[in-house]
Amino acid sequence: MAEELVALANAEGGEIWLGVDDAGVARGLSRSYEEDVMNISRTACIPPIRPVYEALTVNGLPIARISVPKGPDRPYYTSRNRYYIRVGSTKRIASCEELVRLFQASGLFHYDLVELGTAVREQLNFSELADYFRQYEVSFERESEDEKTRLLRASDILGPAGHPTVGGLLMFGISPERSLPQAGVHFAHFAGHELSAELRDKKEFGGSLPRQVDNAMSEIKANLPLASTIEGARRKNATFYPDKVFRELLVNACVHRNYSIIGSQIRVLLFPDRCEFISPGRLPNTVSIEKLAVGTSYARNPLLVRFMENLGYMDKLGRGLPMVVREAGKLGQTVHFEESGEEFRVTLSF
């Protein structure tokens, strides 16, 4: 029971039915198990889980439904120190990669601060680093090698062993996708309303995170449909979303995605009636879809947030998504947030 409770709490929650066989037929219970379930959830699950136990009757037979919410204190583990996750209709012990994601969601671990032993400092763009430090009145290019190393380590661009961190490479790497193949933005423009429609344009953007954002933004603007109305014999451009809406959604996808998920890049899909921004990774523990529109702010990648804020791409006040919702409302349109599996999708309707 503890394993099942932990697996569900580490996922999206779910239900456990007692007194019902695998075919869904009620078989009944010999007694109430509410006290047993509550004791297990408090003593055999760490942190304690708070399920809801409901005693029901079907065809005169007593059964029970145990509702397990999505855990706000993930990751959960059993008193035997085992972390379980739910995969389809089964549970299993979490892999190393899955544990990383669970700890990231809890805020106990930040992947962008991980030092990449396979990367070297020569992969960093020292011209961009000089531009970055210049805003703090530091002549980076004139410093000694020892001082450069000290500055890079103090800024978390290099780790203790002298290798670039994930965040350092993403922000200042020449081609970070060589060491981080999951980094990058895929853009696709479809002629119709479905993925099976004719493809009008397709691009892939790599390089540093600011370069990804700038290049992807330019491509979005070049492909956006021009809203217009006809007045008499003249065509008049109608009000459309300002650039800051698309830029916010693009920056949000790049900065807050889960970079520990290998083999999955950010996707921007443009259709005649909408634009979808899809980033790998579920929402963190403390964030829900309902909270996004009112400005809940959480930094999955605090190093990326710090650099992108310093470079003027964003702020940490949580004002971005509420602004997007307001701009959509002015046009009588909607913004749809959706969490599905290991992806988060924002759909902006036209």
- Spelling it out for residue 313: with amide H atoms placed in the peptide plane at 1.01 Å from N, the residues 5 or more places away or on another chain with amide H under 5 Å from its amide H are none
- Could you work out how far helix 96-106 tilts from the main Cα principal axis of the chain, as a 0 to 90 degree angle to the nearest 10? 80 degrees
- Message: With +1 on the Cβ of every Lys and Arg and -1 on the Cβ of every Asp and Glu, and nothing else charged, how large is the dipole of the chain about its Cα centre, in debye rounded to the nearest 20?
- Response: 500 debye
- Taking the chain as a Gaussian network, Cα atoms linked when under 10 Å apart, which of 90, 165, 149 shows the biggest mean-square fluctuation? 90
- Query: In the Gaussian network model of the chain, springs joining C-alpha atoms below 10 Å, which of 218, 196, 264 carries the largest mean-square fluctuation?
  - Reply: 196
- Note on the structure: For the chain, the longest principal axis of the Cα atoms and the Cα long axis of helix 243-256 enclose an angle in degrees, to the nearest 10, of 60 degrees
- Task: For the chain, list log₁₀ I(q)/I(0) at each q in 0.06, 0.08, 0.10, 0.15 Å⁻¹, using the Debye formula over Cα point scatterers of equal strength and ignoring solvent, two decimals each.
- Result: -0.30, -0.51, -0.75, -1.24
- Once you've got the GNM for the chain with C-alpha springs shorter than 10 Å, pick whichever of 170, 99, 29 has the biggest mean-square fluctuation. 29
- Item | Where Cα atoms sit under 29 Å apart: lysine pairs in the chain separated by 8 or more or lying on different chains | 21
- Long-range amide H partners of residue 125, meaning residues 5 or more apart or on another chain whose placed amide H is closer than 5 Å, are 173, 174
- Query: Remind me, relative contact order of the range 112-176 in percent, using alpha carbon pairs under 8 angstrom and six or more residues apart?
  - Reply: 52 percent
- Item | Under-5 Å amide H pairs with residue 182, H placed in peptide plane, nonlocal only | 263
- Item | Contact order normalised by residue count of the range 2-94, Cα under 8 Å, 6+ apart, percent | 40 percent
- Item | Karplus (6.51, -1.76, 1.60) ³J(HN,Hα), θ = phi - 60°, over the range 85-95, in Hz, Gly and Pro reported as x | 10, 9, 10, x, 9, 10, 10, 7, 5, 5, 6
- At 25 °C and 0.890 mPa s, the Stokes-Einstein diffusion coefficient in µm²/s for the range 2-94, with hydrodynamic radius from the Kirkwood sum on alpha carbon pairs, is 181 µm²/s
- Relative contact order (percent, whole number), the chain, Cα cutoff 8 Å, 6+ residue spacing: 13 percent
- Karplus-derived 3J(HN,Hα), 6.51/-1.76/1.60, for each residue of the range 39-44, Hz, glycine and proline x: 5, 4, 5, 8, 9, 9
- Message: I want to check the label-to-label distance for residue 214 and residue 127. Put each point 7 Å from Cα in the C-beta direction and report it in nm to one decimal.
- Response: 1.1 nm
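A short reminder: the numbers here are calculations on the coordinates, not readings from a lab. None of the values given here were measured: they were computed from a predicted structure. Backbone-built Cβ (ideal geometry, glycine too); neighbour counts: all protein chains shown.
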